[in-house]
Amino acid sequence: MRRLAIIGNWKMHTTPTSAKALALQLREHLKDVTQADLGICPPALSIPAVAEALRGSNISWGAQNAHWERDGAFTGELSVDALQELGCTYVIVGHSERRHVFGESDDMIAKRLARVAESGLLPILCVGEKEAERQESRTEEVLERQLTKGLAYVEKPPGLIAYEPVWAIGTGKRAEISDVEEAHRFIREKLQARFGSHASEVRILYGGSLKPENIEDLALSQEFDGGLVGGASLSAPSFAELIARAIKRRNH
Ligand code: PGA
């Protein structure tokens, strides 16, 4: 089995002060965890504070987006060089809120991903269907498009892909295990077709209303390599409990 990766996505929650306090709590709660890669992606303005709190710990940090050019006239964007200077490990790319709230296209996402991958940071490419697309049985079509276009400019697969059905994000409705397994298998097949044996190195995470109470059946599945966690990563006890339960089931 691949090593678990459990990454928190804080979205636009926290200020530098509250982010630092939360990161310090997480550091304490998670200090004995050795059997998973742990990460936090705070809002960009809170990255320096989180870096200060987590340096030397078993928790890495990252960003929620990054631009494809090294620098230039790109108001409001995040530079990969700056993220590297701040000690980031991960960069989320193509989160559904970027796609559907801010209108990022598959091509923008592909360019972001290529730049992040080239820099040595680890991109987490997010893919997932909307509720209407699932109802119209178009899940695989959507995943295939997002993967083909999103990976158009890379020669190797990204280290991490997060399957995040849009209807499960922030709704309290986690996808059924059978749907998660089916989607993860489909993603793996597409990666195999494109990248051959390298596909087996990719960790496929699930995201969408993960909580301590609903992680255990997923953690038992061969298809589940970890989670991208929104709401439940904003409380140190709940994130720690989710991680502890995932590891316990994994070792069962
Ligand atoms: P959620 O968010 O866990 O709050 O549903 C997950 C995500 O958007 O990555």
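The values are calculated or read from the model by the stated rules, or taken from the named source; none is laboratory data. Just so it is clear, the structure is predicted and the values come from calculations on it, not from any experiment. Every residue, glycine as well, gets a Cβ built from its backbone with ideal geometry; the counts of neighbours run over all protein chains shown. The area values use the complete protein model at the heavy-atom level, side chains included, leaving out ligands, DNA and RNA. Shrake-Rupley method; radii C 1.70, N 1.55, O 1.52, S 1.80 Å.
Here are the numbers for the structure shown:
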| read-out | value |
| --- | --- |
| Accessible surface, per residue, of the chain when the full set of protein chains is kept, probe 1.4 Å, Å² | 45 Å² |
| Options Pro48, Leu228, Tyr90, ranked by Cα towards positive dipole end of the chain, top entry (Cβ charges) | Pro48 |
| Peptides ranked, highest mean first, by Cβ atoms within 10 Å: ranges 39-45, 27-33, 92-98 | 92-98, 39-45, 27-33 |
| Ranked order, Met108, Met12, Met1 - accessible area, probe 1.4 Å, largest first | Met12, Met1, Met108 |
| Backbone N within segment 86-102 under 20 Å of label point (7 Å from Arg70 Cα along the Cβ vector) | 86-88 |
| Residue among Ala114, Val202, Leu22 farthest towards the positive dipole end of the chain, charges placed on Cβ | Leu22 |
| Positive-end extreme of charge dipole, segment 4-250 - chosen from Ser79, Ser178, Pro165 (charges on Cβ) | Ser79 |
| Carbon/sulfur fraction of accessible area - segment 4-250, other protein chains in place, 1.4 Å, % | 51 percent |
| Interchain or long-range residues, amide H under 5 Å from Gly207's placed H | Tyr163, Glu164, Leu228 |
| Segment 4-250 - Rg and Dmax from Cα coordinates, angstrom | 16.8, 48 |
| Cross-link pairs beyond the 23 Å C-alpha cut-off, checked among Lys20/Lys130; Lys11/Lys173; Lys111/Lys173; Lys111/Lys156; Lys11/Lys130; Lys11/Lys190 | Lys20/Lys130; Lys111/Lys173; Lys11/Lys190 |
| Over the chain: helical MRE at 222 nm, DSSP H runs n ≥ 4 each giving -39500 (n - 2.57), nearest 500 | -12000 deg cm²/dmol |
| With DNA, RNA and ligands ignored, accessible area of Thr34 (1.4 Å probe; Å², nearest 10) | 100 Å² |
